[in-house]
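The values are calculated or read from the model by the stated rules, or taken from the named source; none is laboratory data. In this text, all values refer to a predicted model and were calculated from it rather than measured experimentally. Positions of Cβ are backbone-derived with ideal geometry, glycine not excepted, and every protein chain shown enters the neighbour counts. These accessible areas exclude ligands, DNA and RNA; they are computed on the full protein's heavy atoms, side chains included. Shrake-Rupley method; radii C 1.70, N 1.55, O 1.52, S 1.80 Å.
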Amino acid sequence: MTDNIASGGAATAAQTARSSRRSAPSKQVGALSRQRSKLYWPFIAPALVVYLALFFGPALAGFWISFQSWRGSGDQMQFVGTRNYVRLWNDTAFMTAFGNSMKILVICGVVIFVLAFLISAVLREMRFRKGLQALLFLPYIISPIAIGVGLGLLLDPNGLFNTGLRGIGLSSLAKPWLSPDRLFATILIGIVWVTTGFYVMLLMAGADRIPGYFYEDSQLAGANKFQQWWYVTLPLSWDVIAISAVLWVINSLKIFEFVYAFTGTTDAPPEQARTVPIYQFVMTMGGRNPAYQMGYGSAMGVVMVALVVVLVVLVRRVMRREAVTY
Amino acid sequence: MSKLLVRTARSFVWLWAASNVFLFAWIAFTSLKDSREVFDSPLNLPASPRWGNYESAWTVSQMGEGFLNSVAIVAAASVTTIALAAPAAYMLGRRDTRTAGPLTTFFAVGMGIPLQAVIIPIFVLTQKVSLMFSDTFGWWDDRISLYVIYVAMSLPFSIFLLTGFFRTLPPEMEEAAALDGAGGLRTFAKIMLPLAQPGLITALILTVVSLWNETLLALMLIVENDKYTLPQALLGLYQTMQYTSNWGGLFAGVVIVVLPIIIIYTWLGSRIMEGMTVGAGK
């Protein structure tokens, strides 16, 4: 059905083809590989240069800058050792932001994966499954700024949501959803709403690769739906689940636009609702009078990379299982 | 018991999908209302559609300029990304040299590096470039900086996606082309690229979608109003809306941002979804 599903088989086929080619090298095929090796670097170099100069290089430079006190170009860099990191540790505003990022990672993560498991399990056998899946996924590719603006009116104290709640006699539930101390909870719900569709899609793609006879066999053995999911779907799509978890770690920590959009009308989101990317933006280039604390901001970037590395290693370790081949 | 759970879960899925449809419809209708209608009758159809909202969003609020800027930057950056990624991915995917494996990994590492680790050096670098060009040639456009950076940040995923794709293509065609005496460049351009077309299109669409929504780099690198990208222009409109409370006009702006993506999605949605699951399938 999908490229990636086909690719599994095709990749092995390509591999066997490649090894058979190696075992019987003809003169012409030798010419092919000679031709290719002449072009190897010219083909790779442009992408590699751009990637090195404008992505990987800057990442290394950021690591260096994180040990400096620096207000950007025109200012003299001053080496301060680990002082920026010590400052992060003692900065309550950063700790709040860090805690919020972790809340997104953990709370949204758990809710999203529980929902995604549940939905992908029932969606398999629903009518209009393709259409439903597409609708759930849609918010994920819409501009977070546009969604933020839309939700801004929907959740306005006198907006449709509260009006609706009052209309059906639930006025007690009508809340100022965007007030500073409730904003972050609203954002958490918003992230779940936007993101779940993507993970439903990933889990469905994983489950789709499982051959149907496993389900038939388990049905003959008298397994109910839950047992089928537990004994067939879960173990056989474990790889995909593990990779989805890694993707969530990477994607959740860098959420910026979605939070920013909720408060795009003011200079900066209230402290209670900031995440690390937002706080970094506030301390460097953001706002009406940017603070340009480049060394301090870079230290936050380094902390994020370290966090990604640690969490990804952790997730992989925890989720490592004997590979189930089928 | 189990049946009840399944039924509840199914209704939940339906409810969710329906509320998504409802939300988008609500946004579309709101964009055609005047400010009083927006709050007085939030659920009604617009009494008489006010297309003027779009006109004012497009011209007065500079969404039009933003739209053109976004189209130009996103199109140029996406095409450049694929043009750089395709040859690299072809070599990485189809040759087993000693460097191919490590290089593939090296590019893939870029997908795990959050933008936050890169933006500060990039900000300073682009400032310097802009200053240098202004000094020597008297001219620089920050949109060029944004375009170049967009290419760099889109490369890792595109190369990852395309390397996997090139790997799946059958080797016979290439060998046949070599037997017929086609050079390496010719084989790539005439045989492999057409074969890889579905993968190239998928990579292109995914790049377009993610760059269309990108806001952080644009906020950092672009300062002047007339050079704003579309999300920036929408944020600007959101800000002025605080004084005018012209919600209809603001929502017209939202529709202008969202509609192109929805059109692409209804047209090529399955491809987008397939492309985005590729990483997990490996």
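In this simple spin-label model, placing a label point 7 Å from the Cα along the Cα-to-Cβ direction at both residue A:85 and residue B:7 gives a separation of 5.9 nm.
The accessible area of residue A:254, taken with all protein chains in place and a 1.4 Å probe, comes to roughly 70 Å². Element breakdown for chain A at a 1.4 angstrom probe: carbon and sulfur atoms account for 63% of the accessible area.
Using a 10 angstrom Cβ neighbour count of at most 16 plus a DSSP loop assignment to flag exposed chymotrypsin sites (Phe, Trp or Tyr not before Pro), which longest range of chain B is free of such sites? Here the longest segment lacking exposed loop sites spans B:140-282.
Close amide H partners of residue A:284, meaning residues 5 or more places away or on another chain with modelled amide H under 5 Å apart, are A:291, A:292, A:293.
Taking every Cα-Cα distance in the stretch A:71-319 and sorting them into 5 Å bins from zero, the calculated P(r) comes out as 1, 6, 11, 14, 14, 14, 12, 10, 8, 5, 3, 2, 1, 0, 0 percent.
Net length available on complete extension from residue B:19 to residue B:223 is 69.7 nm, with 0.36 nm assigned per residue and the Cα-Cα distance removed.
Only Cα pairs under 8 Å and 6+ residues apart enter the sum, and on that basis the relative contact order of the stretch B:148-245 stands at 25 percent.
At a probe radius of 1.4 angstrom, the accessible area of the protein assembly as shown per residue rounds to 45 square angstrom. Here chain B has an Rg and Dmax of 23.4, 76 Å, counting Cα atoms alone. Measuring between their Cα centroids, the stretch A:214-260 and the stretch B:62-109 lie 30 Å from each other. Here chain A is scanned for GluC sites (Glu not before Pro) in DSSP loops (not H, G, I, E, B) that have at most 11 other Cβ atoms within 10 Å, and the longest stretch holding none of them is A:126-321.
The heavy atoms of residue B:169 offer some 20 square angstrom of accessible surface to a 1.4 angstrom probe.
Interface residues of the stretch A:141-159, defined as a loss of at least 50 Å² in heavy-atom accessible area between the chain alone and the complex of all protein chains with a 1.4 Å probe, are A:141, A:142, A:143, A:145, A:146, A:149, A:153. Here the spin labels are modelled as points 7 Å beyond Cα on the Cα-Cβ line, and at residue A:49 and residue B:180 they lie 3.2 nm apart. Just to confirm my numbers, what's the Cα centroid distance between the stretch B:162-217 and the stretch B:1-50 in Å? Taking the Cα centre of each part, the stretch B:162-217 and the stretch B:1-50 sit 41 Å apart. Within 10 Å of the Cβ of each residue in B:7-19, the mean number of Cβ atoms contributed by other protein chains is 5. For the stretch B:246-262, a reduction of at least 40 Å² in accessible area between the chain on its own and the assembled protein chains (probe 1.4 Å) is found at B:247.
Computed from the Cβ-Cβ distance with R0 of 35 Å, the FRET efficiency linking residue B:83 to residue B:127 stands at 0.80. The charge dipole of chain B, taken about the Cα centre with unit charges on the Cβ atoms of Lys, Arg (+1) and Asp, Glu (-1), comes to about 880 debye, rounded to the nearest 20.
By accessible area, using a 1.4 Å probe on protein heavy atoms only, the stretch B:150-273 has 63% of its surface on carbon and sulfur. Amide H to amide H, which residues 5 or more places from residue A:68 or on other chains are under 5 Å from it, using H placed in the peptide plane? Answer set, sorted by chain and number: A:80.
Before anything else, pin down the relative contact order of chain B: Cα pairs under 8 Å, at least 6 apart, normalised by residue count, whole percent. Relative contact order comes out at 32 percent. Buried between B and A is an accessible area of approximately 9700 Å², summed over both sides with a 1.4 Å probe. Hydrodynamic estimate: the Kirkwood radius of the protein assembly as shown over Cα pairs, inserted into Stokes-Einstein at 20 °C and 1.002 mPa s, corresponds to D of 82 µm²/s.
Sites listed here are chymotrypsin sites (Phe, Trp or Tyr not before Pro) in the stretch A:58-134 whose DSSP assignment is loop and whose Cβ has at most 16 other Cβ atoms within 10 Å: A:128.
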